[in-house]
Amino acid sequence: MTSDEEKKIKLVAGLLGKSENQIYQILGIQKRALQLLKKAITIGEVKYVCEIVPPDSEAEELAFKKWIDLCTTLEELSEAFNAMSNNAIRYLVFDKWDEMGIKMVDEATSVEECRQLYQLVPENGGAEGLLLAKWKDLAVEMVQESLTIEEAKAAYYASPDYGEAKKLAVEKLLQLV
């Protein structure tokens, strides 16, 4: 539903002395959205329902919850989080996003995997803290194992932007040149 349509609904509700949700119900929008939501099996179908439901309605809450349930990747959860304005729903998606991020951090075994994950985990979540610690440790190992200038240089660029690994890589390069 566009913002112009929402403004018109609000205006008509005011003219009639009704709530916006009552106008949506009169128009049958919530009922139709709930029917579509029951049939929806893909994120795309649920996102469509999210676009047509009245804001701050029960139908919107149900649609967003179903969207969260269908998310199976960090990218999908990030998109869902950014699309939701209801703080209670945002907390739900953040929790699932962070939990999934923590599992992926546990599975990461290389500096490159950590660097890629850093772009995907939620900011200020538990996954981010665990990831940074693991990334720093793996980067320090990479520096310590480097035997050539190219390996030390690669370790420098693979390290987080701050921390011990960058310093160690520079020191290693100074030894190798």
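Remarks
- Additional length obtainable on full extension of the chain from ASN124 to TYR48, 0.36 nm per residue less Cα span: 24.4 nm
- Taking every alpha-carbon pair under 8 Å whose residues sit at least 6 apart, the chain reaches a relative contact order of 12 percent.
- Remark: the THR148-ASP4 segment gains 45.6 nm on full extension, using 0.36 nm per residue and subtracting the alpha carbon distance.
- Spin-label pair GLU61/VAL177, simplified geometry with 7 Å Cα→Cβ offset, distance in nm: 6.2 nm
- With all protein chains kept in place, the per residue accessible area of the chain amounts to 61 square angstrom at a probe of 1.4 angstrom.
- Unsatisfied cross-links (Cα-Cα over 19 Å) in the set LYS103/LYS134; LYS10/LYS65; LYS134/LYS166; LYS136/LYS167: LYS10/LYS65
- Cα Rg over Rh - the chain, Kirkwood: 1.24
- Ignoring aspartates and glutamates fewer than eight residues from LYS31 along the same chain, the ones with Cα atoms less than 18 angstrom from its Cα are GLU5, GLU6, GLU20, GLU45, GLU51, ASP56, GLU58, GLU60, GLU61.
- Relative contact order computed over the stretch 62-119 (Cα-Cα under 8 Å; 6+ residues apart), in percent: 28 percent
- THR109-LYS38 pseudo-label distance in nm [points 7 Å out on the Cα-to-Cβ vector]: 4.8 nm
- Alpha-carbon centroids, the stretch 27-61 and the stretch 76-90: separation in whole Å: 16 Å
- At R0 = 22 Å, FRET efficiency that the Cβ-Cβ distance of SER19 and ALA83 yields, to 0.05: 0.35
- Point-to-point label distance, THR72-GLU99, nm (Cα→Cβ direction, 7 Å offset): 1.7 nm
The values are calculated or read from the model by the stated rules, or taken from the named source; none is laboratory data. Bear in mind that the values here come from a model prediction, so they are computed numbers and not experimental data. With ideal geometry, Cβ positions are generated from the backbone for all residues, glycine too; neighbour counts draw on all protein chains shown. The area values use the complete protein model at the heavy-atom level, side chains included, leaving out ligands, DNA and RNA. Shrake-Rupley method; radii C 1.70, N 1.55, O 1.52, S 1.80 Å.
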